[in-house]
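Colleague: Handing you this structure, nothing more for now.
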Amino acid sequence: MTHDDSGHEARAVRHGPFPVQFRRLTVLRTERVTPRVQRVVLGGEELEGFHSAAPDDHVKVVFPTAQGLHLPVRGPSGLEFPPDITPPPMRDYTPRRFDADRGELTIDFMLHDAGPATAWAQSARPGDVLGIGGPRGSLVVADAFDWYLLLGDETAMPAIGRRLEELPAHARAIALIEVEDEREHQAFVSRADIAVRYLHRRGAAPGSTTLLDDALAALVWPDGEGFVFIGGEAGTMRRLREQVIEARHHPRAWMKASGYWKPGVSNHHD
Ligand SMILES: Cc1cc2nc3c(=O)[nH]c(=O)nc-3n(C[C@H](O)[C@H](O)[C@H](O)COP(=O)(O)OP(=O)(O)OC[C@H]3O[C@@H](n4cnc5c(N)ncnc54)[C@H](O)[C@@H]3O)c2cc1C
């Protein structure tokens, strides 16, 4: 077993970076899972060879514009489009489920007030085209931890749901998820011993509450060694990460925290 610099066993191992392959996919079907979550199932020949090693992987989604769907190529200064093409909007999304046998990739879009991704997802129909690139890399977390603590809002629900569904039977997981209200609950099927607790905003603006901070502070921390995942609004994520490290003295190596969006900012990622 390898160790990281802090002396903790390296049970969260980075895979990649891999060369990013962009793929042109087609919408096979859509489903409104909850009032605010639009599920889009994608397929097509170019899905061949797609691989996603970790539940919180992300792909770069490329949206069609009035000029059609144009995928970037990697040039000397990053991703490039032909000179006559206005670069299309691109956003990060989680591969919620990938079924290689059926050739289906599922992405869950949380619908919010405005933005090209939300607008596209809201009106997506079978036959529509969409581009994806990646995943570029994965943080593969061992299933040897005594427990997993998963914290986030609706945008992290695909990563949290996939983790819960992929955990082995001996694992234990606690998920604290902030959503608008009970209509946004999703049921997760898992072999593991899971406890999912939803926290309701009830009209407060997303990213404006301390519901997750308070629930985390009140949580009875399980015994043994655990892995913590945090995803969602950037400010909340930072506070939660600080609480986990400062107040709970949890090893940084056994945690992953990502800011998935930021109020007033398009296409935020940290
Ligand atoms: C690694 C990663 C994985 C992600 N996975 C998913 C996923 O699987 N599903 C998912 O739904 N999202 C996911 N997100 C978040 C998603 O990429 C952002 O919410 C994105 O900004 C949405 O794009 P947009 O075009 O709809 O809005 P943008 O054009 O980016 O933003 C327009 C406005 O909407 C605001 N905004 C953006 N997101 C939200 C939100 N969730 N709630 C309220 N206001 C918002 C912005 O602050 C801005 O003011 C992920 C993000 C990252 C970094």
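Rule-based calculations on the coordinates, nothing more; no lab input. These numbers come from a predicted model, not from an experiment. Glycine gets a Cβ as well: all are built from the backbone with ideal geometry, and neighbour counts include every protein chain shown.
Colleague: Output ³J(HN,Hα) for region 91-102: one whole-Hz value per residue in order, computed from phi by the Karplus curve 6.51 cos²θ - 1.76 cosθ + 1.60 with θ = phi - 60°, and x for Gly and Pro.
Modeller: The phi angles translate into 9, 8, 9, 8, x, 5, 7, 10, 10, 5, 5, 8 Hz.
Colleague: Let me ask something else. Using the Cα centre of the chain as origin and beta-carbon charges of +1 (Lys, Arg) and -1 (Asp, Glu), tell me which of Phe229, Ile132, Leu240 is placed farthest towards the positive end of the dipole.
Modeller: Value computed over the given set: Ile132.
Colleague: Then there's this: Quick one: order Val140, Val228, Val73 by neighbouring beta-carbon count within 10 Å, fewest to most.
Modeller: In order of increasing Cβ crowding within 10 Å: Val73, Val140, Val228.
Colleague: If you don't mind, there's one more thing I want to ask. Let me spell out the model: positive unit charges on the Cβ of Lys and Arg, negative unit charges on the Cβ of Asp and Glu, origin at the Cα centre of region 17-133. What dipole size does that give, in debye rounded to 20?
Modeller: Dipole magnitude for region 17-133 comes out near 260 debye.
Colleague: While we're looking at this one, here's another question. Give the shape of region 138-261 as rounded, prolate or oblate, defined through the alpha-carbon gyration tensor: a ≥ b ≥ c are the square roots of its eigenvalues, a/c under 1.5 means rounded, and otherwise the shape is prolate if a/b is larger than b/c and oblate if not.
Modeller: Oblate, since a/c reaches 1.5 and b/c is not below a/b.
Colleague: Could you list which residues have their amide H under 5 Å from that of Glu225, counting only those 5 or more apart in sequence or on another chain, with H placed in the peptide plane?
Modeller: Residues meeting the amide H criterion: Asp146, Trp147.
Colleague: For region 130-270, give the share of DSSP beta bridges that are antiparallel, in percent and rounded to the nearest 5; count only bridges with both residues there.
Modeller: Around 5 percent antiparallel, to the nearest 5.
Colleague: Pull up all non-local amide H partners of Ile194: gap of 5 or more, or a different chain, and H-to-H distance under 5 Å with H placed in the peptide plane.
Modeller: Ala173
Colleague: With 10 angstrom as the radius, rank Met157, Met237 by how many other C-beta atoms surround their C-beta, starting from the fewest.
Modeller: Met237, Met157
Colleague: May I ask you to sort Asp56, Asp223, Asp92, Asp99 by Cβ crowding, counting other Cβ atoms within 10 Å and putting the fewest first?
Modeller: Going from least to most buried by this count: Asp223, Asp99, Asp92, Asp56.
Colleague: With +1 on each Lys and Arg Cβ and -1 on each Asp and Glu Cβ, how big is the dipole of region 94-193 about its Cα centre, in debye rounded to the nearest 20?
Modeller: The calculation lands at about 400 debye.
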